[in-house]
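Below is one structure, written out as structure tokens; comments come after it.
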Amino acid sequence: MIVHYGIQWINGEDFDYSRPFFEQFHEILLAAPHPARVTFGENQNSEYCNYNFGFKDSYLCFSGDKVDSCLYSYASGSISKCIESAYSMHCECCYRVVRCKYCFDCFFAFDCERCTSSMFLSDCLGCQSCYQCVGLRHKSFHIRNEDCGSKTEYERRLAEIRPSTQSEFLSAERQFEEFILHFPVKSFHQVSCEDCVGHEVHNSKNCFQCFTVVGDDNRDCAYCAVGGQQMFRCYDTYGTGCDVKSGLELSEVGWSSQDVAFCIKVENSSEVYYSHSCYSSNHLFGCFGLKHQSYCILNKKYSEAEYYNQLRKIVPHMKGTKEWGEFFDLKHSLFGYNETAAQTHFPISELVAREKGLRWSLYENILAEPQEVLPNNILPDTWADISDTLAGKTVICRTTKKPFRITALECKLHKGFKLPIPLQHPEIRLERLMKYRQPYFLYQINCIKCNSDTLSVYPQDFKRPVVCPSCYKYLDSAEYLSELKNGAVAQ
Ligand SMILES: [Zn+2]
């Protein structure tokens, strides 16, 4: 069943004061119908996407809003004609961008903002026509951090080195990974933040231990991961944002919600507690799948007065069962630990999961027999040989041996970008994007330049020199290169 803005599941139960609350809530979760996919707002021609808001003509894109003509994106918003984008916003015509903002025509770019027509960039701002560059500000026509002097010279040199075939791209990628090892990395990455502690936080104030909160204008928050955009006084959240005020222990809550606690997938709602998949509602406790409802407990409707009477008994009851103030018990999750984002951020083995009493999924997706499978040896090695006849054909992934389909949009974009189509299954591509993130943990280390104590997402012995944000601010990359050559900076 595909639904928009939730389902309406009114089949309420009286609260049983002889049993724990989580047990009763779990029974509702098991009894209620669940949507096969979660979609919000108007979506067009994007049926192979999930957790999408306002998607158009996109394929295998997950978690995001306003995604138009994109493929294989994750947690990205306001992007169009992008392939393999993660945690990026306001980007257009980009390929493999991670945590980028306002970029156009950029390929293989990480932590960049307002860059155009460039390839292989890391931590660049306002750069144009650059190739394999790190840490540059408002530069153009640079190759490997060196100024070519003119557009003509840049284009002449680029024509000689720009990769064209699959293997050339792989080796250029490896070359760039080696090149950036010589450059210092900022102990944590923040953009226009005031009094914030965390990594990958943008335009926010007074946020503590927050990670990948790339949406702007978050204030007075703590322990929030992934999301952002007008979060105010939110504590312990994941995938939450877009105007949320006073939130506590939330997963995927947003779009104009306030006074919400211990909830999963709640939107446009207020005063909602211990609930899941509820939309445009208020005053709910322990509810699943409601929309446009108020004063409900375990999906049963009450008068306003009786609702508060019940809560006056439920809270002491949950204190007695030690459930009050705790998030839903993991053992009641409908998913195996390995099927969720938790495994991406905090990977554990099946054995450890089972020891902790967590579910572990052994489910194997049953695939239809692939049609029109192309032998690997006739796939184009360069963008110039991409033909429209490839659209709809199936390819077997060279790494996992799983089949995947090449779409018409993929052919069109890759040809326009002058990039060959990768021959890896989308799962491998997502794993590759996730490689460009650090664990959500801060080390206490010493800056390699000024020796002061600094918090860092990189350990002291990281493969790149780690500097504190104030040293990084005054560190021009060219200057740093000459310091490295003179041995003034320890490696
Ligand atoms: Zn320093």
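Given the structure, is His425 under 24 Å from Glu177 (Cα atoms), in contact with a Cys (Cβ under 6 Å, 6 or more places away or on another chain) and away from the ligand (no atom under 16 Å from the Cβ)? It is true that His425 is under 24 Å from Glu177 (Cα atoms), in contact with a Cys (Cβ under 6 Å, 6 or more places away or on another chain) and away from the ligand (no atom under 16 Å from the Cβ).
Taking the stretch 172-210 as the range and being surrounded by fewer than 18 Cβ atoms within 10 Å (Cβ to Cβ) and either touching a Leu at 6+ places or on another chain (Cβ under 6 Å) or in contact (Cβ under 8 Å) with a residue 60 or more places away in the chain (or both) as the test, the residues that pass are Glu173, Leu181, His182, Val191, Val197.
Looking only at the stretch 233-244, how many residues end up being surrounded by fewer than 24 Cβ atoms within 10 Å (Cβ to Cβ) and either modelled with pLDDT under 95 or within 22 Å of Leu125 (Cα to Cα) (or both)?
Taking the stretch 233-244 as the starting set, the residues that turn out to be surrounded by fewer than 24 Cβ atoms within 10 Å (Cβ to Cβ) are 233, 235-236, 238-239, 242-243.
Filter once more, so that each one left must be either modelled with pLDDT under 95 or within 22 Å of Leu125 (Cα to Cα) (or both): 238-239, 242-243.
Final tally of qualifying residues: 4.
Residue pairs whose Cβ atoms lie under 8 Å apart, separated by 6 or more positions or on different chains, with the first residue in the stretch 235-246 and in contact (Cβ under 8 Å) with a residue 24 or more places away in the chain and the second of a type in the set (Val, Ile, Thr) and crowded, with 21+ Cβ neighbours inside 10 Å, are Tyr238/Val226; Gly239/Val226; Gly241/Val213. Criterion first (under 25 Å from Phe108 (Cα atoms) and in contact with a Lys or Arg (Cβ under 7 Å, 6 or more places away or on another chain)) does Ile396 satisfy it? In short, no.
Within the option set Ser269, Ser275, Ser281, Ser256, being surrounded by fewer than 21 Cβ atoms within 10 Å (Cβ to Cβ) and not acidic (Asp, Glu) holds for one residue only, Ser256.
Which of the residues belonging to the stretch 61-71 are at pLDDT 95 or above, of a type in the set (A, V, I, L, M, F, W, C) and either over 20 Å from Cys103 (Cβ atoms) or in a strand (DSSP E or B) (or both)? Within the stretch 61-71, Val67, Leu71 qualify. Restricting the stretch 343-371 to residues that are modelled with pLDDT of 80 or more and among the acidic types (Asp, Glu), the residue that is farthest from Leu423 (Cα to Cα) is Glu355.
The sole residue among Tyr102, Tyr74, Tyr87 that is surrounded by fewer than 22 Cβ atoms within 10 Å (Cβ to Cβ), under 19 Å from the mean Cα position of the chain (by Cα) and modelled with pLDDT under 95 is Tyr74.
When the stretch 107-128 is filtered for residues that are aromatic (Phe, Trp, Tyr) and either within 19 Å of the chain's Cα centre (by Cα) or outside any strand (DSSP E or B) (or both), the ones remaining, listed by number, are Phe107, Phe108, Phe110. Put simply, of Val266, Val260 the only residue that is at pLDDT 95 or above, farther than 20 Å from Asp216 by Cα and within 29 Å of the chain's Cα centre (by Cα) is Val260.
So the check is Cβ under 8 Å with 6+ separation or different chains; which pairs have a first residue in the stretch 433-460 that's closer than 30 Å to Leu71 by Cα and a second one that's within 10 Å of the ligand (Cβ to nearest atom)? Listed pairs, sorted by first residue: Val457/Ser187. Considering every residue within the stretch 150-159, establish whether at least one is under 21 Å from Gln438 (Cα atoms) and assigned to a loop (DSSP other than H, G, I, E, B). The answer is no; no qualifying residue exists.
Suppose the filter is among the aromatic types (Phe, Trp, Tyr), at pLDDT below 95 and surrounded by fewer than 22 Cβ atoms within 10 Å (Cβ to Cβ); does Phe169 pass it?
Values: among the aromatic types (Phe, Trp, Tyr): yes; at pLDDT below 95: yes; surrounded by fewer than 22 Cβ atoms within 10 Å (Cβ to Cβ): yes.
So Phe169 fits the description; yes.
The residue that is nearest to Cys234 (Cα to Cα), counting only those in the stretch 164-220 that are in a loop (DSSP other than H, G, I, E, B) and more than 22 Å from the chain's Cα centre (by Cα), is Asp195.
Every residue, every condition in (1) surrounded by fewer than 19 Cβ atoms within 10 Å (Cβ to Cβ); (2) within 16 Å of the ligand (Cβ to nearest atom); (3) modelled with pLDDT under 90, yes or no:
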| site | (1), (2), (3) |
| --- | --- |
| Ala408 | yes, no, no |
| Lys412 | yes, no, no |
| Leu433 | no, no, yes |
| Asn446 | yes, yes, no |
| Thr454 | no, yes, no |
| Asp461 | yes, no, no |
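When the residues of the stretch 90-99 are filtered to those that are of a type outside the set (D, E, K, R) and assigned to a loop (DSSP other than H, G, I, E, B), the one that is surrounded by the most Cβ atoms within 10 Å (Cβ to Cβ) is Cys94. Leu390 meets each of the listed conditions (1) within 16 Å of the ligand (Cβ to nearest atom); (2) touching a Cys at 6+ places or on another chain (Cβ under 7 Å) apart from (1).
The values are calculated or read from the model by the stated rules, or taken from the named source; none is laboratory data. This is a predicted model, so every value here is computed, not measured. Counting neighbours? That spans all protein chains shown, and the Cβs are built from the backbone with ideal geometry, glycine included.
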